[in-house]
Amino acid sequence: MTSFRSLLGGDDGPALGMFVKIPAPELTEIIAGAGVQFVVIDTEHALLSVRDVYDMTVLYASLGVRPLVRVADHGYGDAQRYLDAGVDGLLFPHVSDGAEAAALGRQFLFPPRGARGMGFASRAGRWGMLPGGRAEYLRHGDDEVARVAMVEERGSVDDIDAILAAEGIDAVFIGPSDLALSMGASGKSPEVSAAIDHVIERAVAAGKPVGTVAADPADAARRADQGCDYLLVGNDTGIFARALRTSYQGFRAALTGAEEDR
Ligand code: 3PY
Ligand code: MG
């Protein structure tokens, strides 16, 4: 079976995904139909319930779009429920340093490496019917789920090598907006660009998958050349908002022009 991790390092360049905030089956079908490879269900910045995340996970996966969740905090409870719902991975926002990364890695690996609880009778264990049994549930949870540390603070850039080395952290994701905020600089400033380039360079050197946001195809091509393994290209609300505004303004401009012509 494909998984988010199996999409990384392919010959076709970085895997392409998007954040999703709207829990609507219609949108899931549109996103799957567009060929999007993975989604990050965003519980940090959207009012999604655990049940929404569950329904989205099942539907995205059934349509071949690999589902991950960006959690709202570093706690165990909801994140563990998402893993047992069978998501392909978790993105942890604001991982400040190597110690925090290591604690997250431990929390979501099974013993003896970590402290994740066994939930074989969950969807991730095919309700206790997973071929291969408990051993396969445990192997999948440790080896195929992606635990992703988000690097979006100045201090995380300073401690990037420790974050990359943390056991159980399978990839990093650079959040450019929060990184710029934390550095007190604009997103386009040379300091922020240099920090992002540095994180990508260190991740490539460490052999850990790295991803970030790509603003447009040219930006994506540049990040691919730098060695990014996956990219997020927008989010459902933003894409709809921009497309609608452009379309609406086009109609308004044409009608205003028509009135002037009269
Ligand atoms: C950020 O840029 O801060 C993110 O979290 C990802 O867009
Ligand atoms: Mg952020």
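The table below lists the values:
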{"quantity": "Per-q log10 I(q)/I(0), the chain, q = 0.14, 0.15, 0.17 Å⁻¹ (Debye; single scatterer per alpha-carbon; no solvent)", "calculated": "-0.96, -1.09, -1.37"}
{"quantity": "Full-extension gain in nm, S193 to A243, via 0.36 nm per residue minus C-alpha separation", "calculated": "15.2 nm"}
{"quantity": "Estimated FRET transfer efficiency (S186, D216; beta-carbon r; R0 22 Å; 0.05)", "calculated": "0.75"}
{"quantity": "Residue with peak Gaussian network fluctuation, the chain [Cα springs, cutoff 10 Å], from R242, R154, R70", "calculated": "R242"}
{"quantity": "Linear extension gain, R126 paired with H74, 0.36 nm per residue minus alpha-carbon span", "calculated": "16.1 nm"}
{"quantity": "Inter-site label distance for R113 and A258 at 7 Å from Cα along Cβ, in nm", "calculated": "6.3 nm"}
{"quantity": "Label zone at S6, where the point sits 7 Å out along the Cα-to-Cβ direction: the range 114-130 residues whose backbone N lies under 18 Å", "calculated": "124-126, 130"}
{"quantity": "Label-reachable residues, the range 122-160, where backbone N falls under 15 Å from a point 7 Å from E167's Cα toward its Cβ", "calculated": "142-143"}
{"quantity": "Candidates A101, A135, A224, ranked by Gaussian network fluctuation over the chain, Cα under 10 Å, top entry", "calculated": "A135"}
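Read-outs: derived from the displayed coordinates by stated rules, not from any lab. Quantities reported herein were computed from a predicted structural model and do not represent experimental measurements. Using ideal geometry, Cβ is built from the backbone for each residue, glycine included, and neighbour counts are taken over all protein chains shown.
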